[in-house]
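Each value in this text was obtained by applying a stated rule to the coordinates, not by laboratory testing. Since the model is a prediction, treat every value here as computed from it, not as a measurement. Every residue, glycine among them, receives a Cβ derived from its backbone with ideal geometry; neighbour counts consider all protein chains shown.
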2 protein chains.
Amino acid sequence: MIRIRPSCWATNNRPDPSCGAAISTGIETPLAIGAARIGDCPPAGPAKAAKTRSRLNLTTLNLATSYHPKLVGPRGLGKLLGALRLPALRFEILATCPVTGARAGVLHTPHGQVETPVFMPVGTQASVKGLTQKQLAEDVGTRILLGNTYHLYLRPGHEAIARMGGLHRFMQWDRAILTDSGGFQAFSLSKLTKISDKGVLFRSHLNGDQHLFTPESTVDVQMALGSDIMMVLDECLAYPASHAAARASMERTIRWAQQSFDHFRGRSTGGQALFPIVQGSMFPDLRRECAARLAGLGAEGYAIGGISVGEPRPISMEMTEASVPELPVDRPRYVMGVGTPEELPEYVARGADMMDCVMPSRNARNGCLFTDEGKLIIKHARFKEDASPIEDSCGCPTCRTYSRAYLRHLFLAGEMLYCTLATIHNLRKYLDIMRRIRQSILLGTFPDFLAAARSRSVDDPARV
Amino acid sequence: MIRIRPSCWATNNRPDPSCGAAISTGIETPLAIGAARIGDCPPAGPAKAAKTRSRLNLTTLNLATSYHPKLVGPRGLGKLLGALRLPALRFEILATCPVTGARAGVLHTPHGQVETPVFMPVGTQASVKGLTQKQLAEDVGTRILLGNTYHLYLRPGHEAIARMGGLHRFMQWDRAILTDSGGFQAFSLSKLTKISDKGVLFRSHLNGDQHLFTPESTVDVQMALGSDIMMVLDECLAYPASHAAARASMERTIRWAQQSFDHFRGRSTGGQALFPIVQGSMFPDLRRECAARLAGLGAEGYAIGGISVGEPRPISMEMTEASVPELPVDRPRYVMGVGTPEELPEYVARGADMMDCVMPSRNARNGCLFTDEGKLIIKHARFKEDASPIEDSCGCPTCRTYSRAYLRHLFLAGEMLYCTLATIHNLRKYLDIMRRIRQSILLGTFPDFLAAARSRSVDDPARV
């Protein structure tokens, strides 16, 4: 039986923390949603909530989690959630590392559960380059991917995607999707970009047409796409920047975030979450202030942006450390655009729950494969007749099937299959690292994992 | 129980037709080979042979068919077959259309059974562009693919592939492989190609290095690759050519074929077949003469080459018609480099059992998708919001999963995934056409199938 207690979810468009177990079932099945009885809720309180958040309670089910697009349809569920004023996400923390504060959890989304910490492959144009959605799900084990709003807005267009049933249906991906705001690509890919308080004026890199992204319009675009998690428009300063410029930019980012949330809350019919983004360039005081002020928005999750913009890696870590303590402990934290395989545990150690980066897929296509022993440059002559897989210990289909010699041949011959096989390996590697991190947090051995990872690390990232 | 009667296979390196059932079993399993008793053969004669060639005898098992690379290893089996002097192939004709002469059969190869007529996808550089071997086998249903000797010889090199365990192991494809001789690409891709009686002198299109293909060397290269079916070096004249030039070229092709077979039979350890190629430009008398003289080689199969070189389609058909009657009826016939979807039943109607063409895969990548109703050009604006699959009736994973709108988007965005999905559809389409043709031959309805196909045909190919 599914129990729903709408009263405790309806106060401020997010759940009462004491009611974390308000929706639960003994059996996880999309079909069970049909048997839900609204208002049928057991007595709940702190003790019950604590119990349901324990590591053993893996059967807890968010109503949204049980959504199945073929049974209900995205529009129908969105309206249902909107009417109930339920949040789109529920973040369940299963374990926290007492030494570092790293968390292992489950993010319940309208398109399934996502175990955290999680790395999100980047599917820029409604496709993770070179992979079918089946390969992405089965071979890589992806539960959530990232789509780029800028690209989808320009081609095929968010309105066309909306008419096709939303991004999930358009690309036939029934797991979770996070979309960015499009602002970062508008800065980085376009010519003649102008930023004002109004928004970002840019020209399409495809045909030169002029477009304006505003805090409100980027929410509208992402609502049309139907992503599970949307991002607010923010200003991402280049590195380095002065403290004054960084403060002004941060103030604009906070204003835009407020505008985005006002617009979103006035229009949302449910089924989508919106994350604000902490900025503040490389100044810890601004990062702290920005995070604290954004926390007041009561968002379902928070992102830390504006890092990985050319600054030294220790500073990226420092900015994450400055931001995290100001964010609500019960909300997922998404560190945008990171990182190397060695950096993944470092960001988790600083409290990150979600990350994304083009590095695994782009490096794969360029011939750089990740292993526990470091990078493997596949074109090297020493692999010409190497019958071993990229990595003996890797369980990905590429490593279970093909030799380094064959991959090297495909790479040198310019065969598309190389990109597919290499991308499967590198993404699976990233997701496997995250799964190992998660397991160590659950087992209470994350500090050991971190120490071992650091002792192996070649890149010598900054330390906690 | 498996029964083997080596005496009747040992006469002229090909099986005694009366002993077609010499190796048979009630249960097809690679493991059963371990129970074979050499010399345990039942009385065999014409009546028995006729019975075993009947359509219902689907359990007949060739020793080679039961080869499993992981159990035996290619080298071990090759030596075994060589010692027994068994042919690499056995061609079983299950039904012949009494009207057209079209045949439905099974080609038993060292890497599994191939139902004929069959279309062979082209895997130029040890990869069918854009597909994993798993997709090629499971999604397309490929039982035999074609590898290009010219490309593999230049990169990664046949000797490297041999040291990696042969082409099957190198590319992890445990089904059948046919390789061409490399001559055609040496003519068409290279600069400064010189043809003499000795062979084809050419410069690599990769680095300009000079190489020579001789009738003997191309056999050696293909033996190193370890393909199940090898092709002799032939001279493929451009269209049009004079009768005198065509005769001279045909004579050279026949000489080369004889040299190839002499070399092959002196070196073969078994496990590979070699096909000669009928040439003669567009002159029926030369085609007939060439086919009749090559038939004297006693090969395990025969190819018809030198068509699809720019001549009008009715002439291609006419050359096939001229060649086929001179070839042994009990050997597979491979028409090289054809054709369009409409032409497939036309060639089968003229007695072809095997075909290959880059058209389905190349057209797919260029945005041209094949359907029963004709070509679909995916970039057309009318597909922008078309939620239907390429073809409603198609069972390929692309059609079962993705919309025309999504495919169009991927094509316009230059996403690799487009090539993968489009290639799956077009190749599956070709193989499905062949399966339907085969079924109609088995059912005795091929003339109706052909008539229906012709009534639908837009391209109006030549008629039988």
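Assuming 0.36 nm per residue, please report the length gained on full extension of the stretch residue B:243 to residue B:393 beyond their Cα-Cα distance.
Working: separation 150, 0.36 × 150 = 54.00 nm, distance 4.71 nm.
Full extension of this stretch gives 49.3 nm more.
Measuring nothing but label to label, 7 Å from Cα along Cα→Cβ, what are residue A:443's distances to the other copies in nm, shortest first?
Copy-to-copy label distances for residue A:443: 5.9 nm.
Order these peptides, A:441-448, A:271-278, by their mean beta-carbon neighbour count within 10 angstrom, highest first.
A:271-278, A:441-448
May I ask you to list the residues of the stretch B:100-124 whose amide nitrogen lies under 11 Å from a point 7 Å from Cα along the Cα→beta-carbon direction of residue B:172?
none
Determine which chain A residue has its Cβ at minimum distance from the rotation axis mapping A onto B, giving the value in whole Å.
A:416, 3
Distance between Cα centroids, the stretch B:252-327 to the stretch A:398-413: provide it in whole Å.
The stretch B:252-327 and the stretch A:398-413 have Cα centres spaced 36 Å from each other.
For the pair residue A:295 and residue B:436, what calculated FRET efficiency results from E = 1/(1 + (r/R0)^6), where r is the Cβ-Cβ distance and R0 = 51 Å, to the nearest 0.05? It would help to have the intermediate numbers written out before the result.
Details: r = 64 Å, r/R0 = 1.26.
Here the calculated transfer efficiency is 0.20.
Using a 10 Å cut-off around each Cβ of peptide A:378-388, what is the average number of partner chain Cβ atoms that fall inside? If you can, show how the numbers build up before the last one.
On the way: counts 0, 0, 0, 0, 0, 0, 5, 8, 1, 5, 0.
Across the residues of A:378-388, the mean count of other-chain Cβ atoms within 10 Å is 2.
What are the distances, in nm and sorted shortest first, from the label point of residue B:197 to the label points of the same position in each other copy, with each label point placed 7 Å from Cα along the Cα-to-Cβ direction?
When each copy's label point is compared with this one, the spacings are 9.2 nm.
Please list, in chain and number order, the residues 5+ apart from residue B:181 or on another chain whose amide H is under 5 Å from its amide H, with Hs placed from the backbone.
Under 5 Å from the amide H of residue B:181 lie the amide H atoms of B:231, each far enough along the sequence or on another chain.
Return the average number of partner chain Cβ atoms within 10 angstrom of each residue Cβ along peptide B:126-138.
Values: counts 6, 10, 3, 4, 6, 3, 11, 3, 4, 5, 1, 0, 0.
The mean count of partner-chain Cβ atoms within 10 Å per residue comes to 4.
Report Rg (one decimal) and Dmax (nearest whole number) for the stretch B:121-333, counting Cα atoms only, units Å.
That works out to 16.8, 48 Å for Rg and Dmax.
Counting partner chain Cβ atoms within 10 Å of every residue's Cβ in A:412-423, what's the average? Can you show the working numbers first?
Details: counts 4, 10, 2, 8, 11, 15, 1, 2, 8, 2, 0, 1.
For peptide A:412-423, the averaged partner shielding equals 5.
Ranking request for peptides B:176-186, A:202-212: highest mean number of other beta-carbon atoms within 10 Å first, then the rest in descending order.
Working: B:176-186: 26.4, A:202-212: 14.0.
Descending packing order for the listed peptides: B:176-186, A:202-212.
Using the basic label-point model (7 angstrom from Cα toward the beta carbon), what is the residue A:380 to residue B:456 distance in nanometres?
Inter-label distance under the simple model: 5.4 nm.
Round to the nearest 0.05 the FRET efficiency obtained for residue A:193 and residue B:137 when R0 = 56 Å and r is the Cβ-Cβ distance. All intermediate terms of the calculation are to be shown ahead of the outcome.
Details: r = 48 Å, r/R0 = 0.86.
Working from the Cβ atoms, E equals 0.70.
Between copies, how close do the residue A:265 label points come, placed 7 Å along Cα→Cβ, listed in nm from shortest?
9.0
Sort A:156-164, B:280-288 by the packing proxy (mean of other Cβ within 10 Å over each peptide's residues), most packed first.
Order by mean packing, descending: B:280-288, A:156-164.
Calculate the FRET efficiency for residue A:155 and residue A:262 from the Cβ-Cβ distance with a Förster distance of 22 Å, rounded to the nearest 0.05.
Taking R0 as 22 Å, the efficiency between residue A:155 and residue A:262 is 0.15.
For the stretch B:362-391, which GluC sites (Glu not before Pro) are in a loop by DSSP, counting at most 16 other Cβ atoms within 10 Å?
Numbers: sites: B:373, B:385, B:391; in loops: B:373, B:385, B:391.
The qualifying sites are B:373.
Taking 31 Å as the cut-off for C-alpha to C-alpha distance, list the pairs among B:129/B:191; A:134/B:384; A:379/B:191; A:194/B:129; A:429/B:429; A:194/A:429 that go past it. Spell out each step's value before the answer.
On the way: B:129/B:191 25 Å; A:134/B:384 23 Å; A:379/B:191 27 Å; A:194/B:129 42 Å; A:429/B:429 35 Å; A:194/A:429 39 Å.
The answer is A:194/B:129; A:429/B:429; A:194/A:429.
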